[in-house]
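Some notes on the structure that comes next.
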Amino acid sequence: GLEPLLAVYARRLLPELRRRLDAGERRIQAIADQLPCREVPSSELSHLDPDGRTFWNLNHPEAYHAALKTFMAP
């Protein structure tokens, strides 16, 4: 799926983002769905991140510790 936290946003969007945050919207996906965007396919990133580590889901402590072991491995 899309990863709107791993993104580049134009400064001109700051007023709209601020308005939404002030209105209580905290879900970045809800904001990103309504903004102009260009999706970058994984094929464009694979040469930079062949293992797909950029998009590892680390929502739980166990996943975080497993990632640490992987990244710190010799």
Specify the residue that is farthest from the chain's Cα centre (by Cα); the eligible residues are those in region 19-30 that are surrounded by 11 or more Cβ atoms within 10 Å (Cβ to Cβ) and hydrophobic (A, V, I, L, M, F, W, C).
21
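Go over the candidates 64, 9 one by one and state the one that is at pLDDT 85 or above and out of contact with any Asp or Glu (no Cβ under 7 Å at 6 or more places or on another chain).
When all the criteria are applied, what remains is 64.
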Odd one out for residue 16, checked against (1) outside any helix (DSSP H, G or I); (2) open to solvent by less than 60 Å² (accessible area, probe 1.4 Å)
(1)
Residue 66 passes all but one of the listed conditions (1) of a type outside the set (Phe, Trp, Tyr); (2) in a loop (DSSP other than H, G, I, E, B); (3) open to solvent by less than 100 Å² (accessible area, probe 1.4 Å); the exception is number (2)
Output the residues belonging to region 31-52 that are surrounded by 11 or more Cβ atoms within 10 Å (Cβ to Cβ), free of Cβ contacts under 8 Å to residues at least 12 places away in the same chain and either touching a strand residue (DSSP E or B) at 6+ places or on another chain (Cβ under 9 Å) or not polar (S, T, N, Q) (or both).
33, 40, 45, 49
What are the residue pairs meeting all of these: first residue in region 9-29, first residue acidic (Asp, Glu), second residue surrounded by 11 or more Cβ atoms within 10 Å (Cβ to Cβ) and not in a loop (DSSP other than H, G, I, E, B), Cβ atoms under 7 Å, and 6 or more apart or on different chains?
25/31
Which numbered condition residue 8 fails, given (1) assigned to a loop (DSSP other than H, G, I, E, B); (2) surrounded by 11 or more Cβ atoms within 10 Å (Cβ to Cβ)
(2)
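The values are calculated or read from the model by the stated rules, or taken from the named source; none is laboratory data. Note that this is a predicted model, so its numbers are computed, not measured. All Cβ positions, glycine included, derive from the backbone under ideal geometry; neighbour counts span all protein chains shown. SASA here: full protein model, heavy atoms, side chains in, ligands and nucleic acids out. Shrake-Rupley method; radii C 1.70, N 1.55, O 1.52, S 1.80 Å.
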